[in-house]
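Below is one structure, written out as structure tokens; comments come after it.
The values are calculated or read from the model by the stated rules, or taken from the named source; none is laboratory data. Every value quoted in this text rests on a predicted model; they were computed, and no experiment measured them. Every residue, glycine among them, receives a Cβ derived from its backbone with ideal geometry; neighbour counts consider all protein chains shown. The protein model used for the area step is the full one, side chains on, heavy atoms only, and it has no ligands, DNA or RNA in it. Shrake-Rupley method; radii C 1.70, N 1.55, O 1.52, S 1.80 Å.
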Number of protein chains: 4
Amino acid sequence: MTASPTLDTAEPNPPDTGTRLSQTGRVEAFSDGVMAIAITLLVLDLKVPSDAETRGAGSLIAAMGQHWPSYLAYLAAFLTIGIIWLNHRAFVDKIRRFDSRLHWLNLALLLGIATLPFPTALLAAYLAEGGAPASTAAVVYGLLSVATALPWTLMWRHIVRHPELLEPPFDVDHARAELRRASIGPLIYVLAVPLDLFLPLAALLFYIAIAVLYAITNQGVQASTT
Amino acid sequence: MTASPTLDTAEPNPPDTGTRLSQTGRVEAFSDGVMAIAITLLVLDLKVPSDAETRGAGSLIAAMGQHWPSYLAYLAAFLTIGIIWLNHRAFVDKIRRFDSRLHWLNLALLLGIATLPFPTALLAAYLAEGGAPASTAAVVYGLLSVATALPWTLMWRHIVRHPELLEPPFDVDHARAELRRASIGPLIYVLAVPLDLFLPLAALLFYIAIAVLYAITNQGVQASTT
Amino acid sequence: MTASPTLDTAEPNPPDTGTRLSQTGRVEAFSDGVMAIAITLLVLDLKVPSDAETRGAGSLIAAMGQHWPSYLAYLAAFLTIGIIWLNHRAFVDKIRRFDSRLHWLNLALLLGIATLPFPTALLAAYLAEGGAPASTAAVVYGLLSVATALPWTLMWRHIVRHPELLEPPFDVDHARAELRRASIGPLIYVLAVPLDLFLPLAALLFYIAIAVLYAITNQGVQASTT
Amino acid sequence: MTASPTLDTAEPNPPDTGTRLSQTGRVEAFSDGVMAIAITLLVLDLKVPSDAETRGAGSLIAAMGQHWPSYLAYLAAFLTIGIIWLNHRAFVDKIRRFDSRLHWLNLALLLGIATLPFPTALLAAYLAEGGAPASTAAVVYGLLSVATALPWTLMWRHIVRHPELLEPPFDVDHARAELRRASIGPLIYVLAVPLDLFLPLAALLFYIAIAVLYAITNQGVQASTT
């Protein structure tokens, strides 16, 4: 590569009119990437029925019908990640700077999101079967939901202590209000674990319902309406 | 992490010359991510013939020839997502701000796009076989096309009612023109469903054709020509 | 959502200090996404030997050794996409605006890149075996290389005719020089097709070699050295 | 497309208020993409137990328990890529411009990261089994760790020689300090290879431990605390 400087003289320099993304800009980019990929990878669990299944069920439509839990789980997981993205976008809009702890909590959140396709696949495989395996799959989904809701609480608790991380005009009072709201999520998900155990299908519908409810009433989403 | 402030004093602060992406910037980033992933995941359905298939067909080229529907479906789906991306880019250029409803309609659009690899795989698996399974696969592809065209109509209907979401100089008259154009898409796709049912291969070629036609005549693409 | 305006009054507006990406910015983002995904999906073709293979080969290391073509093909494809990305980045730096035709040619380029994991998997599966299947796999890889090199030629030919698309200080003379260089690529790849046919392994090593050579002598990469 | 200029007159031009990303901005975007995808693809190796496995193990939970190495390897790989991303972000913040050599070293780094899901899958498949295959899998993981740590050393060595690549106020003294730190990584990973060979499980825990330790004490992460 030592020859390059000589060769380069023939080439006009591109004008450096570029702009550097802010620190939060790059957290957004990476987080958006992980969420966009996780939400799109879910489709890999929508199984195409095999020839044997189609013949066994009598028709392709009947064979697909037997996979209904995978379509329901797909919808629930897509909705969940979509809503987390909306909240994440609104969250980062309020943050001026990510410190080390916020970075780690954000990574913990992304770990939860990136792992979501796994319990979704578990539910797709075992929900229709019912019994203990369906309960196990739903509990794994439920525990991961708790683990994905928890970082929000911890992030807002950290911001309440370090309000200098907030983008003005957001202040410590706003952070306290967010912390109260963010504390409800993990609580609801913990309380839903017994439902996973005894009524796995109802639990899945419940997760869809609270996702939608959360979306409608959540400040994060509403912030973008103003 | 409480020790960090002390350790940090040794480290010069990087200059914060960064720029924050606008709200629409982040919608673009997430949507681009989902579309880029969906379009690239399609390749996973281009199956490498197994050793057994190659021996059975006499040659690798003959074995690949038996998979022609998967190559055709790959091309159709790639073209479809590519065109949606071009339109999405032109769409977001005209929007000043995403409100809550636009976010949800955009998520519905992304759900359609992210799900597209599934009916593409269905077509790849059952198109060559013909008969009822091929028709079923084509109808599923067709219904998803309707579901992916519908959010455009709803987004423009919402913007006609809230022209303050438009980036000047685009105004309510422009939005009305876009709404008229965006209403044709779902209609065409609904009318194509009987074609899916009776002539699945012709339907696939028809989808490729209208995609190309739409691309050539569409304002979205032309906007970038000016 | 009609209740939102009322609820929103409690929420301070986030300051809209955001910046909108330029048109080329979004082409970059989508293209980068497709290339980043294609380059990362390649790893899915690095097969973990099954228990049976490991026992059959005597050790895991011997079983992995039998998969050497997949590691070589992985390296070649990773290098190829990496270099295309470097060139693409340098290319977009020289473009002020994408018109409709450039968008379509860029999509054609992305189609080639996104499809590359398929012939890579073909080579991984059939290269070690030799004979006609290995030749077929190499020819498919070679033809896709032609198809991926061609859009560069067409893009520069279009820019020579529309120099107003160039970012100053780049001018039509620069575009003509780029067109000459971009015309060599497809030619080399066409000439390599007979090599694919008769010496598939040598062809793969040849692709790695010209990729490296192209990278070292290419203006695109050098532009970033200045 | 020659008809477009005529059609276009009816369309108001979108205002070009856009901003172009800087050169480092686009390296960030591509690198973030590769890291986001690699970290999210890891979930594909979290295998859903088959019906047969579940029946054989007595319950879904017991069947999942038999897959514990895949969960541990998932956690280790997720943590590793997450930390590399944090370091990469801090690294790019200090760089004013990528020259040709930095681009190639960055590609080498991305090659290591993109390949990580492969030894992770090897570990998941062979760690529980123990014996020679587990050692082989751990050594492959270890050698890839060396190969991923090495580009950091080479990048800082290059910057020490070309301090004009640094974003002020970072200077050659800072680069020298970074080079010393970046030289420790490959050394530790080389020394860990014997551990891979004789105690593969302990090696995996060791990788998790040094990742966490590195994260806590690393300048990169701390830079974002200031």
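Residues that are small (Gly, Ala, Ser) and under 13 Å from the mean Cα position of the chain (by Cα) within region C:71-128 comprise C:76, C:77, C:82, C:108, C:112, C:114, listed in sequence order. Listed conditions (1) in a helix (DSSP H, G or I); (2) at pLDDT below 90; (3) more than 19 Å from residue B:190 (Cβ to Cβ) are all met by residue B:129, apart from (1). Among the residues that make up region C:118-139, is at least one of them closer than 19 Å to residue B:36 by Cα, open to solvent by 10 Å² or more (accessible area, probe 1.4 Å) and hydrophobic (A, V, I, L, M, F, W, C)? Taking every residue of region C:118-139 in turn, at least one turns out to be closer than 19 Å to residue B:36 by Cα, open to solvent by 10 Å² or more (accessible area, probe 1.4 Å) and hydrophobic (A, V, I, L, M, F, W, C). Residues of region C:144-168 that are open to solvent by 70 Å² or more (accessible area, probe 1.4 Å) and part of a loop (DSSP other than H, G, I, E, B): C:168 alone.
Within region B:114-126, if we keep just the residues that are aliphatic (A, V, I, L, M) and part of a helix (DSSP H, G or I), the residue that is farthest from residue B:80 (Cα to Cα) turns out to be B:125.
For region A:88-103, the candidate set comprises residues that are more than 10 Å from chain D (Cβ to nearest Cβ) and assigned to a loop (DSSP other than H, G, I, E, B); within that set, the residue that is surrounded by the most Cβ atoms within 10 Å (Cβ to Cβ) is A:94. The number of residues in region B:118-138 being in contact (Cβ under 8 Å) with a residue 60 or more places away in the chain, in contact with a helix residue (DSSP H, G or I) (Cβ under 7 Å, 6 or more places away or on another chain) and farther than 15 Å from residue A:43 by Cβ comes to 6. Take the conditions of a type outside the set (Asp, Glu), farther than 23 Å from residue A:66 by Cα, at pLDDT below 90 and not in a helix (DSSP H, G or I) and apply them to residue A:186. Does it pass? Here the answer is no, as residue A:186 does not meet what is asked. Selection over region D:104-114 of residues that are surrounded by fewer than 23 Cβ atoms within 10 Å (Cβ to Cβ) and either more than 10 Å from chain C (Cβ to nearest Cβ) or touching a Leu at 6+ places or on another chain (Cβ under 7 Å) (or both) gives a count of 2.
Take region B:32-50 and flag every residue that is more than 8 Å from every other protein chain (Cβ to nearest Cβ) and in a helix (DSSP H, G or I).
B:45
Quick one: would you say residue B:73 is part of a helix (DSSP H, G or I), touching a Pro at 6+ places or on another chain (Cβ under 7 Å) and open to solvent by less than 30 Å² (accessible area, probe 1.4 Å)? No, not satisfied.
Which of the following residues is at the interface with chain C (Cβ under 7 Å from one of its Cβ atoms) and modelled with pLDDT under 90: B:29, B:10?
On the way: B:10 fails: at the interface with chain C (Cβ under 7 Å from one of its Cβ atoms).
Step by step, each of B:29, B:10 is checked, and only B:29 is at the interface with chain C (Cβ under 7 Å from one of its Cβ atoms) and modelled with pLDDT under 90.
Taken together, the residues in region A:140-165 that are touching a residue at least 60 places away in the same chain (Cβ under 8 Å) and closer than 18 Å to residue A:118 by Cβ amount to 4. Taking the criterion of being of a type in the set (A, V, I, L, M) and within 19 Å of residue D:108 (Cα to Cα), the residues of region D:119-159 that qualify are D:140, D:143, D:144, D:146, D:147, D:149, D:150, D:154, D:155, D:159.
Scan region A:92-105 and give yes if some residue there is in contact with a Phe, Trp or Tyr (Cβ under 8 Å, 6 or more places away or on another chain) and over 15 Å from residue A:72 (Cβ atoms), otherwise no. Break it down stepwise before answering.
The initial filter retains those residues of region A:92-105 that are in contact with a Phe, Trp or Tyr (Cβ under 8 Å, 6 or more places away or on another chain), namely A:94.
Of the ones still in play, those that are also over 15 Å from residue A:72 (Cβ atoms) are A:94.
Yes, because at least one residue in region A:92-105 is in contact with a Phe, Trp or Tyr (Cβ under 8 Å, 6 or more places away or on another chain) and over 15 Å from residue A:72 (Cβ atoms).
Taken as a whole, the structure leaves residue B:85 outside the set of residues that are within 10 Å of chain C (Cβ to nearest Cβ), out of contact with any helix residue (DSSP H, G or I) (no Cβ under 6 Å at 6 or more places or on another chain) and at pLDDT below 90.
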